[in-house]
Amino acid sequence: MLVNGTWTDNWQPVQATDEKGGFVRQISGFRHWITPDGSAGPTGEPGFAAEAGRYHLYVALICPWASRTLIARSLKGLTEVVSVSVVEPALTDEGWRFGDYPGAQRDTLNGATYLHELYSRADPHYTGRATVPVLWDKARGTIVNNESADILRMFNSGFGALASDTFDLYPSSLQARIDALNDEIYPRLNNGVYRAGFATTQQAYDEAFAEVFGMLETLEEQLRTGGPFLFGERLTETDIRLFVTLVRFDAAYHGLFKCNLRRLADYPHLSGFLHRMLEVPGVRGTVNMDHIKRGYYSIKSLNPTGIVPRGPDLPGLAPVPLPGQPLAG
């Protein structure tokens, strides 16, 4: 964790708990917006105009929040507009690290070894965790935004003509419904699995566990009656938000986070949705099961031995390789 811009302590997954012992997630600290003309967005300062090659995205392939932004970048045709760097999957005592693990890179843009160095560079007095994703402005040498929900919407509409119009992930006709379902899925499922996994009391765990599986049941029924996506034929940001949790569920949340009432494989309509999402051009390439497993099972407080399970395999995606086999990239 950074305190006044200086790294002070070994990385810990839980920085705060509520009165019941429940996991409390840190609020994102950088909330500027890229807009087509550089005007101010809903939060933050103006001056971040959409320009090809100006912005860089730092992500971890283990992280569902970062994966949201990678998918939006791909679906909106911004892969040649916004460059990207991937950190190594295993969390170190100083948090996310750049390096040579297959599928990761060194930070050739800023020369950082650890992600937290970028936070200190952007704000020498920053206090808090150094999280992914990070959207970096090469021109001003600072962080634009580190809130995945904001970045997803920026990629959808903030780049104007630089982006593809094949998908509108937040169409005006569905915005009220999207916001309402996002507000259900986030606390109960997206963050609910973390609330279960990082709970420090039985009560906090039981409450999170019940919400996770209650939400899965609700979504299973919604897809049964109204698929193929959550709002029918149209893929939206809410589908991305759901997908990034589902694709990690059996591999990490079911075992490591104790969300083990049922597997995703036990929900036929959610499983069908998952595989439909994987068939959307540009989505499959954002998923790396090796990084996901190695990342989650590197959390020492939950898995002190560091042993990575071999299963389960997700059909259509590369499994964690057996000894002697090449690692997935």
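For (1) out of contact with any Gly (no Cβ under 8 Å at 6 or more places or on another chain); (2) more than 25 Å from Leu70 (Cβ to Cβ), each residue gets a yes or a no:
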residue: Phe167; (1), (2): yes, no
residue: Asp179; (1), (2): yes, no
residue: Val193; (1), (2): yes, no
residue: Thr200; (1), (2): no, yes
residue: Ala210; (1), (2): yes, yes
residue: Gly214; (1), (2): yes, yes
residue: Leu219; (1), (2): yes, no
residue: Phe243; (1), (2): yes, no
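Could you tell me whether segment 163-176 includes any residue that is among the small types (Gly, Ala, Ser) and in contact (Cβ under 8 Å) with a residue 12 or more places away in the chain? Within segment 163-176, one or more residues are among the small types (Gly, Ala, Ser) and in contact (Cβ under 8 Å) with a residue 12 or more places away in the chain. Taken together, the residues in segment 216-248 that are out of contact with any Phe, Trp or Tyr (no Cβ under 9 Å at 6 or more places or on another chain) and under 18 Å from Phe198 (Cβ atoms) amount to 0.
Condition test on Phe198, is it in contact with a Leu (Cβ under 6 Å, 6 or more places away or on another chain) and open to solvent by less than 20 Å² (accessible area, probe 1.4 Å)? When the stated conditions are applied, Phe198 does not pass them. Restrict the check to segment 130-143 and report whether at least one residue is open to solvent by less than 20 Å² (accessible area, probe 1.4 Å) and among the hydroxyl-bearing types (Ser, Thr, Tyr). Within segment 130-143, not a single residue is open to solvent by less than 20 Å² (accessible area, probe 1.4 Å) and among the hydroxyl-bearing types (Ser, Thr, Tyr).
Scanning segment 85-100 for residues that are in contact with a strand residue (DSSP E or B) (Cβ under 9 Å, 6 or more places away or on another chain), surrounded by fewer than 19 Cβ atoms within 10 Å (Cβ to Cβ) and outside any helix (DSSP H, G or I) turns up at least one hit. Total residues in segment 213-256 satisfying the condition of being of a type in the set (Ser, Thr, Tyr) and open to solvent by 10 Å² or more (accessible area, probe 1.4 Å): the figure is 2.
Taken together, the criteria place Ile143 among residues that are assigned to a strand (DSSP E or B) and touching a helix residue (DSSP H, G or I) at 6+ places or on another chain (Cβ under 7 Å). For segment 265-297, a tally of residues being open to solvent by 20 Å² or more (accessible area, probe 1.4 Å) and hydroxyl-bearing (Ser, Thr, Tyr) returns 2. The residue pairs whose first member lies in segment 254-276 and is without any contact (Cβ under 8 Å) to a residue 60 or more places away in the chain and in a loop (DSSP other than H, G, I, E, B), whose second member is hydroxyl-bearing (Ser, Thr, Tyr) and buried (at least 16 other Cβ atoms within 10 Å of the Cβ), and whose beta carbons are closer than 8 Å, counting only pairs six or more residues apart or on different chains, are Leu256/Tyr296; Leu256/Tyr297. Contact annotation: residue pairs with Cβ atoms under 6 Å, 6 or more positions apart or on different chains, pairing a residue in segment 33-52 that is outside any loop (DSSP other than H, G, I, E, B) with a partner that is buried (at least 16 other Cβ atoms within 10 Å of the Cβ) and not acidic (Asp, Glu), are Thr35/Gly41; Thr35/Gly158. Which of (1) of a type in the set (Val, Ile, Thr); (2) in a helix (DSSP H, G or I); (3) touching a Pro at 6+ places or on another chain (Cβ under 9 Å) does Ile299 not meet, given it meets every other one? Status for Ile299: all satisfied but (2).
Looking at segment 1-34 only, could you name the residues that are in contact with a His (Cβ under 8 Å, 6 or more places away or on another chain) and either modelled with pLDDT under 65 or open to solvent by less than 70 Å² (accessible area, probe 1.4 Å) (or both)? Of everything in segment 1-34, those that are in contact with a His (Cβ under 8 Å, 6 or more places away or on another chain) and either modelled with pLDDT under 65 or open to solvent by less than 70 Å² (accessible area, probe 1.4 Å) (or both) turn out to be Leu2, Gly5, Trp7.
The values are calculated or read from the model by the stated rules, or taken from the named source; none is laboratory data. Keep in mind that this is a model prediction, so the values were computed, not measured. Using ideal geometry, Cβ is built from the backbone for each residue, glycine included, and neighbour counts are taken over all protein chains shown. The area values use the complete protein model at the heavy-atom level, side chains included, leaving out ligands, DNA and RNA. Shrake-Rupley method; radii C 1.70, N 1.55, O 1.52, S 1.80 Å.
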